[in-house]
Amino acid sequence: MENFFVKLDRDPSLQLSCSFFPSPKSSPPTSLIVFLNGINTPHKLWYPIAQLLKKDMATCPPMLMYDRIGQVASRGRNLDVPGRPRGHGRDCLDAAHDLRELITYAGENHLGISSTHVDTVRIIFVASSVSCAIARLYTAKFPRTVTALLFLDSTLANSDTVSVFPDPDSPDFSPGSLPAGVTSELLADARKKIALVYGSESKNPEGLWRGTLPSLLPHSDSPKLLGPEPGTPYVTVIEHDPDVFPLQVQQTVGLAQIMTRTYFDPAWHLYHEGLARITSPELSKGPIIAKGCGHLIQRDNPQLVANEVLEVINKLRNDKQSRL
């Protein structure tokens, strides 16, 4: 494993902290696995999965992971922009452009591929939470470069998240239509608490602005993603265990479990069903439930994630057109 920093061309004061796991193959690799973090989640959380892949597969493609600007080990801070919380001047589209710079750097310095030929690198994204949206934005901005995407409990990119709970202050609100155990007071409390952490315009420790996501990705199932060859990209969607997540949300933000079970989880599952349709049906898997896992599936069950990555790699390897 190699650790290094990458200065961003658009702002050299910003440096991404990266880790690179080379491939044991002697020939120049054509594929690169890129792991993408959730909000304020260090890239070191992917290390166990990388080790499992290297152990289970002697010819594993090279692997790249990093901390976004504002995350633990990277250098620099996100800018201030009027109308946003302090230090939230960069959004997920900015993060996708940062990722492009990083992949270009890795191609030149670790894969022997010049910047003019960076699109010949076949990318496999393994993304968690908000980075699923970043992976989608990258794939749409740089089409025909990504052969597979593994989405782990994606953020609800097309929603402010608060709106999954009915608004008791709405003129159309009818208390008599509420499910058993749900009250107007619980709804008001849920909207307030969810807005603080999961809301698209909420502050977060790394300063990644999510307020533009609903306009950048207004639909869970479109735009359809274009892979570099016929039969790509593969898409695998994995979601948290609905028997685990309500307690996790209650412990982290104080939301009553009935509110997660009644509103939050059904909306999340519906989003994941759409996400599985952004590729051709024969290339899609999921959504599947990660039994026993909360939101950070890669932390709770690294073996499951490694198995799913390995399955995708084997599919690509058995498809002569994929050029893995």
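The values are calculated or read from the model by the stated rules, or taken from the named source; none is laboratory data. Predicted model, so just to flag it, every value in this text is computed and none were measured. Heads up, the Cβs are rebuilt from the backbone with ideal geometry, glycines too, and the neighbour counts pull from every protein chain shown.
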Original post:
Looking at region 40-50, is at least one residue surrounded by 15 or more Cβ atoms within 10 Å (Cβ to Cβ), over 21 Å from the mean Cα position of the chain (by Cα), at pLDDT below 95 and not small (Gly, Ala, Ser)?
Top reply: no
Original post:
Can you find even one residue in region 125-144 that is in contact with a strand residue (DSSP E or B) (Cβ under 8 Å, 6 or more places away or on another chain), closer than 20 Å to His88 by Cα and in a loop (DSSP other than H, G, I, E, B)?
Top reply: yes
Original post:
Regarding Val237, is this residue modelled with pLDDT of 95 or more and not in a loop (DSSP other than H, G, I, E, B)?
Top reply: yes
Original post:
Mind checking which residues of region 145-175 are in a loop (DSSP other than H, G, I, E, B) and in contact with a Lys or Arg (Cβ under 6 Å, 6 or more places away or on another chain)?
Top reply: Phe165
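Does at least one position in region 68-86 carry a residue that is assigned to a helix (DSSP H, G or I), charged (D, E, K, R) and in contact with a strand residue (DSSP E or B) (Cβ under 9 Å, 6 or more places away or on another chain)?
Step one: filter region 68-86 for residues assigned to a helix (DSSP H, G or I), giving none.
No, that holds for no residue.
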Original post:
In region 184-228, which residue that is farther than 26 Å from Gly89 by Cα and charged (D, E, K, R) is surrounded by the fewest Cβ atoms within 10 Å (Cβ to Cβ)?
Top reply: Glu185
**OP:** Determine whether region 253-269 contains at least one residue that is touching a residue at least 40 places away in the same chain (Cβ under 8 Å), assigned to a helix (DSSP H, G or I), of a type in the set (Ser, Thr, Tyr) and within 18 Å of Leu152 (Cα to Cα).
**Re:** no
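Against the condition part of a strand (DSSP E or B) and modelled with pLDDT of 95 or more, how does Leu93 come out, does it pass? Even if it seems obvious, please write down each step before you answer.
Numbers: part of a strand (DSSP E or B): no; modelled with pLDDT of 95 or more: yes.
Answer is no for this residue.
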